[in-house]
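Q: Take a look at this one; I'll ask things after.
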């Protein structure tokens, strides 16, 4: 696609429910990042995918968080048993890996705003 | 450990002024540096990317410079407009590492 696409744009859920957020990166971008941004705060790294390599999950805050990506396409971020502290905007970004001449420029989606009541 | 600092945290200037936003980093071994803007409730928009071998990049009224040896980058905005109001973030890619280190951002307000 022309840009990084995320859905849903807004999600309101009750505490304890599971939610799934989707990211469709720019076509051809093998690298994909998930970030979390709480209200008024900076970006918090969650997870990184690069091609078929094992993902870097070092930023996931708890085992309630998981993410999948099939090949170089769509990724889903799943939050199980949501808590109020999970309320935030979840941002997805993609780029080419750093071994390309045109590498590095990171493109973001508009984010998925999650509100846990 | 690489740290990225942006000063000031907030800036308010009248329309039409030229202004400079600052980004400093502690480790000069960077692969590239990128400037973004973020509008309230929105995602981030890439403004300029400077590779480590470059000194500056320009796009329209924006000019970003990079001085690796001193660990600094500046984003120069010429003839500011109210539409430039946003939070501006810089991020560095560590050498051969996909991880980006983010500054906390500068919140810019351009007064009509």
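The values are calculated or read from the model by the stated rules, or taken from the named source; none is laboratory data. All values reported here derive from a predicted model rather than from experimental measurement. Cβ: placed from backbone, ideal geometry, glycine included. Neighbour counts: every protein chain shown.
Q: Tell me, yes or no, whether the stretch A:26-35 has at least one residue that is away from every other protein chain (no Cβ under 14 Å), at pLDDT below 95, loosely packed, with under 14 Cβ neighbours inside 10 Å and over 11 Å from the mean Cα position of the chain (by Cα).
A: yes
Q: Now for a separate question. Are there any strands (runs of 3 or more DSSP E) wholly within the stretch B:73-112 with 2 or more residues that are more than 10 Å from chain A (Cβ to nearest Cβ) and either modelled with pLDDT of 90 or more or within 15 Å of the chain's Cα centre (by Cα) (or both), and if so which?
A: It comes to B:86-94, B:106-111.
Q: Identify the residue in the stretch A:85-100 that is facing chain B (nearest Cβ under 9 Å) and at pLDDT below 80 and, among all such residues, is nearest to the chain's Cα centre (by Cα).
A: A:97
Q: Can you pull out the residues in the stretch A:37-61 that are more than 14 Å from chain B (Cβ to nearest Cβ) and over 22 Å from residue B:102 (Cα atoms)?
A: A:52
Q: Now for a separate question. Regarding the stretch B:20-28, can at least one residue be identified that is within 14 Å of another protein chain (Cβ to nearest Cβ) and surrounded by 20 or more Cβ atoms within 10 Å (Cβ to Cβ)?
A: yes
Q: Pairs please, first residue from the stretch A:78-91 and in contact (Cβ under 8 Å) with a residue 12 or more places away in the chain, second anywhere and surrounded by 21 or more Cβ atoms within 10 Å (Cβ to Cβ) and outside any strand (DSSP E or B), Cβ atoms under 8 Å, 6+ apart in sequence or on different chains.
A: Listed by first residue and then by second, the contacts come to A:79/A:86; A:89/A:111; A:90/A:111; A:91/A:109; A:91/A:111; A:91/B:43.
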